[in-house]
Every structure is written in C-alpha cells, then in structure tokens.
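Trainee: I'd like to ask some things about the structure below.
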Amino acid sequence: MSYWEITPFVGVGELRFGTPRPETRALIGQNFETIKISPLDINTTDVYKEAGLHLEYDQQDNLETVVVWFWAYPDYADPKYNNIHFFNKRLSVVLKQFAEIGYVPRFDDDGYFFDELGFVLSGSESAGSGEAIEGDEVVHDISIYREGYYEFYDEYYKNLKST
C-alpha cells in the first residue's frame, strides 16, 4: 500500500486537480473504464477498479475529484492528512483525531465534510468483510475535491431543476 498525502484543494499523492485527463491516465495507468455515473453529470469518470479509484473531470476534461474506495480495494492507496490515515479505521476514531487538531466536520446524508480541507468521508457498517461493527462505522471511502467543487455543482444542479 502506498500513502498519498492530501494537500487541501490541490490534490492527493501525485494527482493534482486541474491536470488534463491524459496526464492522470499516464500517472495511474491504462487499466480503467470510463463511465457516466449519472445522466446529469457534466463529464465522465475514469474508474480504476483494481485500484479502488474514481477520477472525475470537469467540463474542460481536467481532474476535479479523486474518490478512494477502501472497502473493496484496500491495497492500492491510503490517503492521509497530517499523518492521520483512513483505511480500515472506525469513523469515530478518525473524527476524534481530526477534532484533536482542530477540525470538526459538518454532516449531511453524503457524509462528513471537512470543508476547509477539501474532502468528505463516508462510512459503512463493515469494511467489506460482511460483518457489522456494532455501534460504529468503518471509513468506506473518501472524496477529495478541488476548491469550489461543491459550490459549482450545487449551482449547476439548482439551475437544472429550474429549467
């Protein structure tokens, strides 16, 4: 497993937001599938199943979000911030570690948003083992995004609804 440092609103590991799609493919490799997650999406997503990565792109085909799925593909990458790791950890432990360094996320149905750090965590009852962990969730995935990502898409979807 390699550890990828999160640089808020800049990127994670060697991946940098704003990088053109061909350059990100050169970094990660050519074993991917390109899909459209939702019919409303602006662009397609490169899915690296074996790596547990979703790389999402903006209208100009530049990287804007990196999603790491821990539950299915635990051996590829473990993003970290300030030496806090996420893989195979209970959300309560991770949230406590962040609180200790002064970060408390906001929560909504999509997960725990660390708005000032540019990522959101979501959990599941198990880490792919099929066994529930009573009273706590394991970090399931992390979405790391560029500055302004959620503001842009909130406005984009709001405008779609009004047309």
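Trainee: Could you give the size of the charge dipole of the chain about its Cα centre, using +1 on the Cβ of each K and R and -1 on the Cβ of each D and E, expressed in debye and rounded to the nearest 20?
Mentor: 200 debye
Trainee: Gap in Å between the Cα centre of the range 32-65 and the Cα centre of the range 100-118?
Mentor: 23 Å
Trainee: Show which lysines lie in cross-link reach of Lys158 when reach means a straight Cα distance below 23 angstrom and same-chain residues fewer than eight apart are skipped.
Mentor: The reachable lysines, counting only those whose Cα sits under 23 Å from Lys158, are Lys36.
Trainee: Let me ask something else. Tell me, in nm to one decimal, what length is gained between Val10 and Leu40 on full extension, where the rule is 0.36 nm per residue of separation less the Cα-Cα distance?
Mentor: Gain on extension, Val10 to Leu40, equals 8.2 nm.
Trainee: Stretched out fully, how many nm does the piece from Arg90 to Glu23 gain, at 0.36 nm a residue minus the Cα gap?
Mentor: 20.7 nm
Trainee: At 7 Å along Cα-to-Cβ for each site, give me the label-to-label distance between Glu147 and Phe107 in nm.
Mentor: About 3.0 nm separates the two model spin labels.
Trainee: Where in the chain are the helices, taken as whole DSSP H runs, whose Cα atoms extend 15 angstrom or more along the long axis and whose Kyte-Doolittle mean reaches at least -0.5?
Mentor: none
The numbers here are math on the coordinates, done by the rules we state, and not lab data. The structure presented is a predicted model; accordingly, all values stated were derived computationally and were not measured. Every residue, glycine as well, gets a Cβ built from its backbone with ideal geometry; the counts of neighbours run over all protein chains shown.
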